[in-house]
Amino acid sequence: MHVLKKVGVICFLAFFVLNAGLMLYFGRETFQVTSNAQQPPRSTYHFVLISEEVDNEYWRLVEKGAEAASRKHNVHLDYWGPKQANNEEQLTFIDKAIASKVDGIMTQGVASDTFSYLVNKSIQKGIPLITVDTDAPDSVRQAYVGSDNYLAGKLAGETMVKQTTGQQKVGIVTGRFDASNQQLRVKGFKDAVSHVSRIQIAGIGESNITKSGAIQATYELLKSHRNITAFYGTSALDGLGISQVASLYQQKKRPFIVAFDTLPETLTLLNKHKIDATVAQYPFVMGERAVETLFALKKGTNPGPLQYTKTDIITNLKGGH
Ligand code: BGC
C-alpha cells in the first residue's frame, strides 16, 4: 500500500512536470509569434484636409490625391468638411483641427478675418497650415497649392472671344459670391472680354456650388435677360446645371457654354457637343502636392509659397457659335 502510494505521488509529479514543461514551451512559442508579427508601422504625422463641401465630387478627387501622397509618406490623413458649403462650419473644422493638435492642416482658403485669426493661431501653436484650391494671400498661411484662379478665368474669357462670332450676351453662374477663387475666375473672364465690344456680361447668379443651384441660377438669368446667348459657369457643377436648362429651353440655337473642371459628366456633355469648352483643373495633383508641401515643411524645407498646379482649356471645336 505504502509503495503504491509512493508510485502514485511519483506519477503525479512526473505528469505535473511534463505539463508545466509543455506549457512553458508552447507559451514561449506563442509569445514569440506575437512579438515577431508585423506591427503596422507608426504614422509619421497626422494631417487634416478641410474642404468646402465634404461629398463634392471635385473635393473627393483632392482627397484621393492627398491619400496617395499620405500612403507614400505613411501619414495619417483625416478629411473633413461641411455637408453643404458653409464658411462658419468650415472655420469650426479648422479650429477643431488646431485643438486636436494635428501635425499639419491643409484647407481651402476663406476670405475672412476669422480665417486669418485661425491661421495665426495654428502657426503660433507650431502647426503648419497651407491653403489648397483657394488661396488666402492676406493670411500668414505658409503656402498655397492650387490653380492660378485669375489665369483660369482669363482662359475661359479668351475661349469665349476665340470661339464665338457676333454679339454675345453672357450669363455667369458662379459657385459662391464670397469665395475668392470664384471672384478671381469672374474677374479674369471679365478682363479677357473687356476689350471686345461685341461681348457683354448680362448678369451673374450664384449656384452655392450645387447642380440644382446652377439650374435655378440659369433659369433666373434667362428670365431676366431673355437675350442671353452664352454662359460661363465658374465651379465644377455649374456647367451641368447650365447645360440642363439650356437643352430644356429649346432655344433656336443653344447658348455657347464654357464650364469649369473635368468631372465625368462634364466631359460627357463636351463629347456630346452640349458644352463648348471647359477649364481643366487638376484636383488630384492638388491633394498630392498639398501633402508633399506639408511634409516638406515638417522636415524644415519650404518648397515656396505659391505652388500653382496646371490649368488647361478643353474645347469642343465643333460647337461653331
Ligand atoms: C472649385 C472648388 C469648388 C468646386 C465646387 C471647383 O471648380 O475649384 O473651390 O469647391 O468647384 O464644385
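The values are calculated or read from the model by the stated rules, or taken from the named source; none is laboratory data. This is a predicted model, so every value here is computed, not measured. Note: ideal-geometry Cβ built from the backbone for every residue, glycine included; neighbour counts use all protein chains shown. With ligands, DNA and RNA removed, areas are computed over all heavy atoms of the protein, side chains included. Shrake-Rupley method; radii C 1.70, N 1.55, O 1.52, S 1.80 Å.
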* Asked: Taking region 53-91 only, how many residues are more than 23 Å from ASP103 (Cβ to Cβ) and among the β-branched types (Val, Ile, Thr)?
  -> 0
* Structure fact -> Checked against (1) over 15 Å from SER51 (Cα atoms); (2) within 16 Å of the ligand (Cβ to nearest atom), TYR144 satisfies every condition except (1)
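Okay, residues lined up against (1) touching a residue at least 40 places away in the same chain (Cβ under 8 Å); (2) part of a helix (DSSP H, G or I); (3) touching a strand residue (DSSP E or B) at 6+ places or on another chain (Cβ under 8 Å); (4) crowded, with 20+ Cβ neighbours inside 10 Å:
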residue: SER212; (1), (2), (3), (4): no, yes, no, no
residue: ILE215; (1), (2), (3), (4): no, yes, no, yes
residue: ASN227; (1), (2), (3), (4): yes, no, yes, no
residue: TYR232; (1), (2), (3), (4): yes, no, yes, yes
residue: SER235; (1), (2), (3), (4): yes, no, yes, yes
residue: GLY239; (1), (2), (3), (4): no, yes, yes, yes
* To do: For region 250-271, name all the residues that are under 18 Å from THR218 (Cβ atoms) and outside any strand (DSSP E or B).
  => GLN250, GLN251, LYS252, LYS253, ARG254, PRO255, ASP261, LEU263, GLU265, THR266, LEU269, LEU270
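Might you let me know whether region 194-203 holds any residue that is within 30 Å of ASP103 (Cβ to Cβ) and surrounded by fewer than 21 Cβ atoms within 10 Å (Cβ to Cβ)? Lay out the reasoning, then the answer.
First, the residues of region 194-203 that are within 30 Å of ASP103 (Cβ to Cβ): none.
Scanning region 194-203 turns up no residue that is within 30 Å of ASP103 (Cβ to Cβ) and surrounded by fewer than 21 Cβ atoms within 10 Å (Cβ to Cβ).
Only one of LYS223, LYS310 is open to solvent by 60 Å² or more (accessible area, probe 1.4 Å) and in a loop (DSSP other than H, G, I, E, B); which? Before you say what the answer is, go through the steps one by one.
Details: LYS223 fails: in a loop (DSSP other than H, G, I, E, B).
One residue alone meets the criteria, LYS310.
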* Asked: If you check every pair at least six apart or on different chains, which have Cβ atoms under 7 Å apart with a residue in region 265-280 that is touching a residue at least 24 places away in the same chain (Cβ under 8 Å) and at negative phi first and a residue that is among the polar types (S, T, N, Q) and part of a loop (DSSP other than H, G, I, E, B) second?
  -> LEU270/ASN316; ILE275/ASN316; ASP276/ASN316; ALA277/ASN316; THR278/THR262; VAL279/THR311; ALA280/THR262; ALA280/THR311
* Tell me, which residue of region 95-151 that is over 20 Å from VAL62 (Cα atoms) and acidic (Asp, Glu) is surrounded by the fewest Cβ atoms within 10 Å (Cβ to Cβ)? -> ASP113
* Structure fact -> Only one of (1) touching a Leu at 6+ places or on another chain (Cβ under 9 Å); (2) within 16 Å of the ligand (Cβ to nearest atom); (3) of a type outside the set (A, V, I, L, M, F, W, C) does not apply to ASP178, and that is (1)
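Against the definition (assigned to a helix (DSSP H, G or I) and β-branched (Val, Ile, Thr)), how does VAL161 come out, yes or no? I'd like the intermediate steps shown before the answer.
Numbers: assigned to a helix (DSSP H, G or I): yes; β-branched (Val, Ile, Thr): yes.
For VAL161, the condition - assigned to a helix (DSSP H, G or I) and β-branched (Val, Ile, Thr) - is met.
Filter region 249-274 for residues that are basic (Lys, Arg) and surrounded by 13 or more Cβ atoms within 10 Å (Cβ to Cβ) and give the result.
Let us first name the residues in region 249-274 that are basic (Lys, Arg), namely 252-254, 272, 274.
Passing the criteria: ARG254, LYS274.
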* Asked: Which of the residues that make up region 101-118 are out of contact with any Gly (no Cβ under 9 Å at 6 or more places or on another chain) and among the aliphatic types (A, V, I, L, M)?
  -> VAL102, ILE105, VAL110, ALA111, LEU118
* Structure fact -> For region 44-94, the count of residues that are outside any strand (DSSP E or B), more than 12 Å from the ligand (Cβ to nearest atom) and open to solvent by 60 Å² or more (accessible area, probe 1.4 Å) equals 9
